[in-house]
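Here you go, one structure.
The values are calculated or read from the model by the stated rules, or taken from the named source; none is laboratory data. All values reported here derive from a predicted model rather than from experimental measurement. Backbone-built Cβ (ideal geometry, glycine too); neighbour counts: all protein chains shown.
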Amino acid sequence: MTRASRLRARCALAVGALVLVACESGPSGPGELEAIVTGDMLGGVLLQVDGPGIQGFTALGDARVFGAPDAVRPGRHRVIVIAPSSGGLRFTIDVDDLEMEGPVVTVLQATLLDDQLVTPSAASVRIVR
């Protein structure tokens, strides 16, 4: 093996190692995922949250959150998030493992700040890992 071919082999090995390190996933184990509900002038939402290992929910900012597991379907929760001001519908989902797939959040109902019901499509939920 020539000196140039050994140098190429070492460079390829170094690049391969860097690729493997870059592909490492984020933190694992228990933790919190932040959920942000967006929509114009929303005062509250009723959500369905599906996923394994969900332990609970915690309000952020001036929001209030109420959650309960579904008695029939394991891994399914109903969650109500309300806030006195627009843009304050933020909460965390407490999970067993931060590397879990999901959770899947579906908006079932949504209300404006004046308590008027609006179509569920007026709200969307983004999960921040």
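Looking only at residues that are at pLDDT 90 or above, assigned to a loop (DSSP other than H, G, I, E, B) and closer than 15 Å to Thr38 by Cβ in the range 82-96, which one is nearest to the chain's Cα centre (by Cα)?
Here is the first cut: in the range 82-96, the ones at pLDDT 90 or above are 82-83, 89-96.
Now narrow it down to the ones that are assigned to a loop (DSSP other than H, G, I, E, B): 83, 89, 96.
If we keep only those that are closer than 15 Å to Thr38 by Cβ too, we end up with 83, 89.
Numbers: Ala83: 19, Leu89: 14 Å.
Among them, the one singled out is Leu89.
Condition check: closer than 21 Å to Gly51 by Cα and in contact (Cβ under 8 Å) with a residue 12 or more places away in the chain. Does Leu108 satisfy that?
Criteria met by Leu108.
State all residues of the range 97-111 that are of a type outside the set (A, V, I, L, M) and either farther than 15 Å from Ile36 by Cβ or assigned to a strand (DSSP E or B) (or both); if no residue qualifies, say none.
Hits for the range 97-111 are Asp97, Glu99, Glu101, Gly102, Thr106, Gln109, Thr111.
Right, another one. Confirm whether Ala68 is in contact with a Lys or Arg (Cβ under 7 Å, 6 or more places away or on another chain) and either in a strand (DSSP E or B) or in contact (Cβ under 8 Å) with a residue 60 or more places away in the chain (or both). It would help to see each step written out before you state the result.
Details: in contact with a Lys or Arg (Cβ under 7 Å, 6 or more places away or on another chain): yes; either in a strand (DSSP E or B) or in contact (Cβ under 8 Å) with a residue 60 or more places away in the chain (or both): yes.
In short, yes.
Still on this structure, please answer the following. Quick check on the range 31-48: of everything there that is in a strand (DSSP E or B) and charged (D, E, K, R), which residue is farthest from Ala123 (Cα to Cα)? So that I can check it myself, show each step before the final result.
If we filter the range 31-48 for residues that are in a strand (DSSP E or B), which is where we start, we get 31-38, 42-48.
So of that shortlist, the ones also charged (D, E, K, R) come out as 32, 34.
Details: Glu32: 22, Glu34: 16 Å.
Among them, the one singled out is Glu32.
Here's something else I'd like to know. Hey, among Leu60, Leu112, which residue is within 16 Å of Val128 (Cβ to Cβ), of a type outside the set (D, E, K, R) and surrounded by fewer than 18 Cβ atoms within 10 Å (Cβ to Cβ)?
Within the list Leu60, Leu112, the selection yields Leu60.
Does Ile54 fit the bill of being touching a residue at least 60 places away in the same chain (Cβ under 8 Å), of a type in the set (A, V, I, L, M, F, W, C) and closer than 22 Å to Pro30 by Cβ?
no
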